[in-house]
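Values quoted throughout were computed directly from the atomic coordinates according to the rules given, and no laboratory measurement underlies them. Just so it is clear, the model here is predicted, and its values are computed rather than measured. Reconstructed Cβ throughout: ideal geometry from the backbone, glycine too, with neighbour counts over all protein chains shown.
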Amino acid sequence: MNKNDYIIRLETKKDYREVENLVRESFWNVYRPGCSEHYVIHVLRDDLAFVKELDFVMEQKGRLIGQNMFMKTIIEVDDGRTIDILTMGPIGITPELKRQGYGKALLDYSLEKAADLGFGAVLFEGNIGFYGNSGFDYARNFGIRYHDLPEGADDSFFLCKELIPGFLNGVTGVYQTPKGYYVDDAEVEGFDKDFPPKQKLKLPGQLF
Ligand SMILES: CC(C)(COP(=O)(O)OP(=O)(O)OC[C@H]1O[C@@H](n2cnc3c(N)ncnc32)[C@H](O)[C@@H]1OP(=O)(O)O)[C@@H](O)C(=O)NCCC(=O)NCCS
């Protein structure tokens, strides 16, 4: 990876289709046969919780090679308060450039901008192998639980990073995933029909 061969900028309306295709390529057959993330971003851009100021694309030689976005959500604190926080994703890098450092560069840039805007913490579902390199830890270590997860269930997918050090000190509570992330399978199928045909494969390691 060459640190000077890309720029990171805000997504514009003109990018929407290219970004959706990029996300589709990036997530295809990774977590399930096919993917839904390209439809998820399509829907989330119109969601009130979507943070337009943190909707980033990575561009190299005039083509988009990565994207990342954030949504506002809450922690329901055990003492009855709610705390505003951010959640993140999808984040994706074009398949042929994965594992060359572009994802980390995009992630770190986005987190810096989120911190600049004054957000206190980011929580989401992800792989500690990648996000741990950018300062994420298991959310349980901050006293935050994932909604609807039975006690004792594996919560190692649920990650947190404070953007303001100490922001979650003294807080225990439950994180809520924004409703917009839950999309209907039939709607995903319908949306996907407008993209080039791609084969869905059942592969080892997929979650669903
Ligand atoms: C996840 C993703 C954004 C990471 O971007 P990237 O450019 O590939 O990652 P980077 O090169 O910056 O970082 C690589 C390091 O992160 C870690 N890492 C990256 N992907 C990983 C994975 N799937 N599992 C475990 N660790 C991973 C490793 O430490 C890796 O170092 P290594 O290549 O020397 O082993 C990208 O691979 C991608 O688009 N994947 C498909 C979509 C996806 O899963 N998005 C995230 C959903 S939570």
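Checked against (1) surrounded by 14 or more Cβ atoms within 10 Å (Cβ to Cβ); (2) within 16 Å of the ligand (Cβ to nearest atom), PHE208 passes all but condition (1). Here ILE85, ILE41, ILE65 are screened, and the one residue that is surrounded by 16 or more Cβ atoms within 10 Å (Cβ to Cβ) and over 28 Å from ASP148 (Cβ atoms) is ILE65. Looking across segment 111-137, the residues that are away from the ligand (no atom under 11 Å from the Cβ), in contact (Cβ under 8 Å) with a residue 24 or more places away in the chain and outside any loop (DSSP other than H, G, I, E, B) come down to LEU111, LYS113, ALA114, ALA115, ALA121, VAL122, LEU123, ASP137. Within segment 88-106, if we keep just the residues that are assigned to a helix (DSSP H, G or I) and not hydrophobic (A, V, I, L, M, F, W, C), the residue that is surrounded by the fewest Cβ atoms within 10 Å (Cβ to Cβ) turns out to be GLU96. In segment 39-58, the qualifying residues are those that are of a type in the set (Asp, Glu) and free of Cβ contacts under 8 Å to residues at least 60 places away in the same chain, and the one that is nearest to the ligand (Cβ to nearest atom) is ASP55.
Within segment 1-38, the set of residues being among the charged types (D, E, K, R), within 13 Å of the ligand (Cβ to nearest atom) and surrounded by fewer than 19 Cβ atoms within 10 Å (Cβ to Cβ) comprises LYS3, GLU25, ARG32.
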